[in-house]
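Participant: The structure's right below; bear with me while I get my questions together.
None of the figures in this text is laboratory data; all of them are computed from the coordinates on show. This is a predicted model, so every value here is computed, not measured. Positions of Cβ are generated from backbone atoms using ideal geometry, with glycine treated the same way; all protein chains shown enter the neighbour counts.
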Amino acid sequence: MTILTPSQRETLLSCADQFGTPTYVYFEETIVRQISTLKEHLSGLPLRLLYAMKANHAVPVMKTMLREGLGIDAVSPAELEYALQLGFPVDRVLFSANNMTDGEMHFATKRGVMLNVGELSRLESFGQAYPGSSVCVRLNGQVGAGHHEHVITAGDKSKFGIPVEQIDAIHDIANRYELTIVGLHQHIGSGIMDTETLWQAISVILDASVSFKDLRFINVGGGLGIPYRPDESSLDMSSFDRLIVEPLKQFIADHPSEDLSIWFEPGRFFTAQSGVLLAHVNTVKEGTVRTFAGTDSGMNHLVRPAMYGSYHHVVNLSNPDGPEKTYDVVGNICESSDFFAKDRAVAELREGDIIGVLDAGAYGMSMTTTYNMRSEPAEVWIESSGDIHLSRPRKSVDEMVADALGSH
Ligand SMILES: Cc1ncc(COP(=O)(O)O)c(C=O)c1O
């Protein structure tokens, strides 16, 4: 769990003052730190880092990734187009749309972006449309992992990727259309907290890769977790060298392909700890058995607690030294799954206080909805220099209504 410094707490309070709530605030320095930590622990490998932009596609976040030399894992035409318009070079973008349509296949290919294909039928239609091309294939190596069953993206019951048992069929299609399989990909799940599991998954795709003679890269996906709870340890990156980097180096040395590089594509690891969701405490209500602190945000802005039962630490920014009391910290949405924390000790919450929901920089804003016709939160960017920018305003009631009315 992120521990805010006194100066970060002051900055967050001044953001709430200046821009109101609900507001997502992102600290650039945290993202830059996470990128360099990963680069450092994977050093020595022929490496490419992509950013899984589904985690957070705010413009300043994307620009930071671009500046740091990262590529992009894009999963929809809009993600892809947005990344290109922000200046990511086509050869640093991989298009991994799930259940891709013909239209999406042509959209990406016409822009020169490589496809990452997860179905045999799509490989077949790609071969028919673009014989002689290069392509990446997403495998399902049957090892899945993650913080919740909903985020496990490999294994017998997962819809993602082509099962490794069907590799012969991949070769058959590739041969018929003279496709060159230049990349293999897998992503086994999200929020993985131990290096052994990460390596286990990587080793499955490495084993599967032996029959692919023209590989230029193996993309081992994202999934690196971050600690959300106060008592949770971080991913042990001190063992990366021994458990991941050295075995990968050996694998590359032994593989028949020349110039093989290893790609990782994290989302959460880069951005989760950079983000704080600010909300205003509108009401404090004594129920019969619970005290409810009702805020002006909710599951429409951060769905992870409702969707996965995820823990996010909640701090009272405006009364940090208040005596701890136990609350259900809830939102203003008409659902009983609308909560940030249940039965949680927080420094006394009073009506008018500002809370910070921590580690909310990944799968927060990008999963926001306008349910109940409430606007998305504003977004604020804190540069490493300390400069503060409103990168995206909230919508007014008039704008929300105009959106809903459309052309009527
Ligand atoms: C294909 C793919 N790559 C990478 C990621 C990023 O995962 P994480 O944020 O856990 O690193 C995801 C997340 O769902 C994904 O689907």
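Participant: Average projected area of the Cα convex hull of the stretch 36-138, in nm²?
Facilitator: If I average the Cα hull's projected area over directions, I get 7.0 nm².
Participant: Same structure, new question: Using Cα pairs closer than 8 Å and at least 6 residues apart in sequence, work out the relative contact order for the stretch 272-405, in percent.
Facilitator: It comes to 28 percent, rounded to a whole number.
Participant: Out of residues 5 or more away from Gly71 or on other chains, whose amide H comes under 5 Å of its own, with H placed 1.01 Å from N in the peptide plane?
Facilitator: Residues meeting the criterion, in which the H sits 1.01 Å from N, are Leu49, Leu50, Tyr51.
Participant: Still on this model: Ranked from highest to lowest mean number of other Cβ atoms within 10 Å per residue, what is the order of the peptides 100-108, 76-84?
Facilitator: 76-84, 100-108
Participant: In the P(r) worked out for the chain, what percent of Cα pairs fall beyond 35 Å?
Facilitator: Values: 25926 of 83028 pairs.
The proportion of pairs with Cα distances above 35 Å equals 31 percent.
Participant: Would you work out which of Thr11, Asn316, Phe95 lies farthest towards the positive end of the dipole of the chain, given +1 charges on the beta-carbon of Lys and Arg and -1 on that of Asp and Glu, about the Cα centre?
Facilitator: Phe95
Participant: Run down the aspartates and glutamates and flag those whose C-alpha is under 20 Å from the C-alpha of Lys285, throwing out any fewer than 8 positions away in its chain.
Facilitator: Here the aspartates and glutamates satisfying the reach criterion relative to Lys285 are Asp296, Glu324, Asp328, Glu335, Asp338, Asp343, Glu348, Glu351, Asp353.
Participant: Another question, if that's okay. What's the ranking of 270-277, 91-98 by average number of surrounding C-beta atoms within 10 Å, highest first?
Facilitator: 270-277, 91-98
Participant: Once you put a point 7 Å from the Cα of Asp236 and another 7 Å from the Cα of Cys334, both along the Cβ direction, what distance in nm separates them?
Facilitator: 5.1 nm
Participant: Still on this model: About its Cα centre, how strong a charge dipole does the chain have in debye, to the nearest 20, once Lys and Arg get +1 and Asp and Glu get -1 at the Cβ?
Facilitator: 320 debye
Participant: So, one more: When only Cα pairs under 8 Å and 6 or more residues apart are kept, what is the percent relative contact order across the chain?
Facilitator: 20 percent
Participant: If the limit is 30 Å between Cα atoms, which of Lys54/Lys110; Lys63/Lys159; Lys110/Lys159; Lys39/Lys213; Lys54/Lys395; Lys63/Lys342 go over it?
Facilitator: Lys63/Lys159; Lys63/Lys342
Participant: Here is a further query. Run the simple label-point estimate for Val289 and Glu40 please: 7 Å along Cα→C-beta, distance reported in nm.
Facilitator: With each label point 7 Å from Cα toward Cβ, the separation is 4.8 nm.
Participant: Out of all DSSP beta bridges in the chain, what portion is antiparallel? Express it as a percent rounded to 5.
Facilitator: Among the beta bridges of the chain, antiparallel pairing accounts for roughly 45 percent.
Participant: If you count, for each residue, the other Cβ atoms within 10 Å and average over each peptide, how do 183-194, 112-123 line up from highest to lowest?
Facilitator: Highest mean packing first, the order is 183-194, 112-123.
Participant: Projected area of the stretch 272-405, taken from the Cα convex hull and averaged over every viewing direction, in nm²?
Facilitator: In nm², the orientation-averaged hull projection of the stretch 272-405 is 8.9.
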